[in-house]
Amino acid sequence: MNKASIVILNWNGIQYIKQFLPIVIENSIIPGIEIVLVDNSSTDNSVEYVRANFPFIRIIQLEKNYGFALGYNKSLEQLDSEYYIILNSDVEVSKTWIDPILKYMDTNPDVGACMPKLRWYYDRDSFEYSGAAGGFIDKYGYPFCRGRIFNTVEKDNGQYDNVKDIFWATGACFFVRAQTFRKVGGFDARFFAHMEEIDLCWRMKLNGNKIVFLPFVTVFHVGGGALPKENSHKTYLNFRNNLFLLVKNLPSNRLIKTIILRLLLDYLAAMYYIVNFRLTFFCAIIKAHINFCINLPYLIKYRKANSLLINGKFIFPEVLNKCLVSEYFYKKKKTYSEIVDN
C-alpha cells in the first residue's frame with residue numbers, strides 16, 4: 001500500500017500538464033508517494049506527452065469524459081493508498097506541500113479531509129476564488145470561504161493563518177483519508193462537476209469526521225481551467241448542484257422551508273440576469289431547476305436510505321446561521337471577518 005496517491009484529473013489540459021506537472025514531480029519525490037494522471041478521454045495528445053516525458057507516472061485512461069465526480073470515483077477505486085491527494089492540473093505546489101499535511105492527518109485520526117491555503121496564481125498575494133482559506137456554507141446552502149465571499153476576494157495578509165475546522169475543503173487541492181472517502185460513498189456522480197466536494201465533506205461531517213484548513217502549506221491555483229467563471233454551463237451546474245446537496249443532506253425539520261426560500265432567492269438571481277440582458281445565464285438557472293425536479297426521485301431515495309444519519313445532525317459551528325445574500329448585498333459586508341467574526 002502507498003502512503004498517498006497524488007491524483008490529477010485531466011481533460012484536454014496539455015498546457016497545464018506542461019506547465020505544472022514538472023513542479024509537482026520535483027516537489028513530490030517522497031517514498032510511498034505515487035503520481036497518477038487520470039485522463040477523461042482527452043483529444044489533445046496530453047496522455048502521449050506524459051508517456052513520452054514522464055514514463056514513471058501511472059496513467060489511468062477513461063473511455064469518455066466522466067466529469068470531475070465520476071472521473072475521480074472510477075480512478076480512485078483502482079488505487080491502494082492510505083490517502084488520496086486530489087489535485088487540479090492547474091495548481092502550482094510548493095516545495096514542502098505534502099509532509100506537513102499528512103503528518104497532521106496521521107496524528108488526528110478524526111480528520112477526514114484537509115486543504116492547504118489557496119492563493120491565486122496570477123496575483124500571488126491574493127486568495128483564490130475556489131477555496132481561499134477554507135470553505136463554509138450559510139443556512140440556505142450558499143458556499144463561501146475565509147478570504148472570498150461571492151466575487152469579493154481578499155488579499156492574504158495573514159488574517160486567516162490559524163488551523164481551522166471548516167465545512168468543506170476545495171477540490172483543487174484536497175487531502176482525504178481513503179478509508180473515509182470509501183465509507184461515505186465517494187463523490188456523487190450526478191453532480192458531474194462543481195460542489196461535489198461540498199457534498200462529500202457534508203457527508204463526512206455527518207459521519208463524524210472533521211474537515212480542516214491548514215495554513216502552513218500554500219499552493220497557487222489558476223482557476224477556471226475546465227470551465228471559466230463567466231460560463232452559463234458553470235452557472236447551471238452550481239445552481240442545480242447546490243439544490244442537490246441541500247435535499248440530500250438537510251434534516252427534515254429544515255428541508256422544506258430552506259428549499260422554498262432558496263428557490264425564491266434563485267429566481268431573484270434569474271431576474272437580475274434578465275434585467276442585465278444576460279439571457280443565457282437566466283436560462284441556465286431555469287434549466288437547473290428543471291433538472292433538479294427531474295432528479296428529485298433519486299434525491300428522495302438517497303434521503304430515505306440515510307434518514308437516521310441526516311436527521312440526527314445539522315448544528316455544525318461551521319454553518320453560518322445567517323443569510324449570506326442579505327449580509328453581502330443588503331448590509332454590504334464583504335469579508336468573512338465582517339460577516340462571521342462580528
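Since every read-out is calculated from the coordinates, none of them should be taken as a lab result. These numbers come from a predicted model, not from an experiment. Ideal geometry is used to build each Cβ from the backbone, glycine not excepted, and the neighbour counts take in all protein chains shown.
Of the residues Met105, Gln15, Ile59, the one whose Cα sits farthest towards the positive end of the charge dipole of the chain is Met105 (charges of +1 on Lys and Arg Cβ, -1 on Asp and Glu Cβ, taken about the Cα centre). Taking amide H atoms as placed 1.01 Å from N in the peptide plane, the amide H of Gly223 has no partner under 5 Å among residues 5 or more positions away or on other chains.
Where does the range 2-221 land on Rg(C-alpha)/(2.2 N^0.38 Å)? Working it through for the range 2-221, the quotient is 0.95.
For Cα pairs less than 8 Å apart in space and 6+ apart in sequence, what is the mean separation divided by the residue count of the chain, i.e. the relative contact order in percent? Before the final figure, lay out the partial values.
Numbers: 608 pairs, mean separation 63.5, N = 342.
Worked out over the chain, it gives 19 percent.
If the Kirkwood radius is taken over C-alpha pairs of the range 232-341, then at 25 °C and 0.890 mPa s the Stokes-Einstein diffusion coefficient equals 158 µm²/s. Using just its DSSP H runs of length 4 or more, each adding -39500 (n - 2.57), the chain gives a mean residue ellipticity at 222 nm of -11500 deg cm²/dmol after division by all residues. With everything on Cα atoms, drop me the angle between helix 196-206 and the longest principal axis of the chain, reported from 0 to 90° to the nearest 10. It is inclined by approximately 80 degrees. Of interest is the spacing of the C-alpha centroids, which for the range 301-342 and the range 65-115 amounts to 26 Å. Axis of helix 232-249 versus longest Cα principal axis of the chain: the two differ by about 80°, to the nearest ten degrees.
Ranked from highest to lowest mean number of other Cβ atoms within 10 Å per residue, what is the order of the peptides 188-197, 278-287? Mind dumping the intermediate values first?
Numbers: 188-197: 22.3, 278-287: 16.9.
Ranked by mean Cβ neighbours within 10 Å, highest first: 188-197, 278-287.
Using the Karplus relation 6.51 cos²θ - 1.76 cosθ + 1.60 with θ = phi - 60°, the per-residue 3J(HN,Hα) values for the range 254-270 come to 10, 5, 4, 4, 5, 5, 4, 5, 5, 4, 4, 5, 4, 5, 4, 5, 5 Hz, with x marking Gly and Pro. Working from Cα pairs under 8 Å separated by at least six residues, relative contact order for the range 76-191 is 34 percent.
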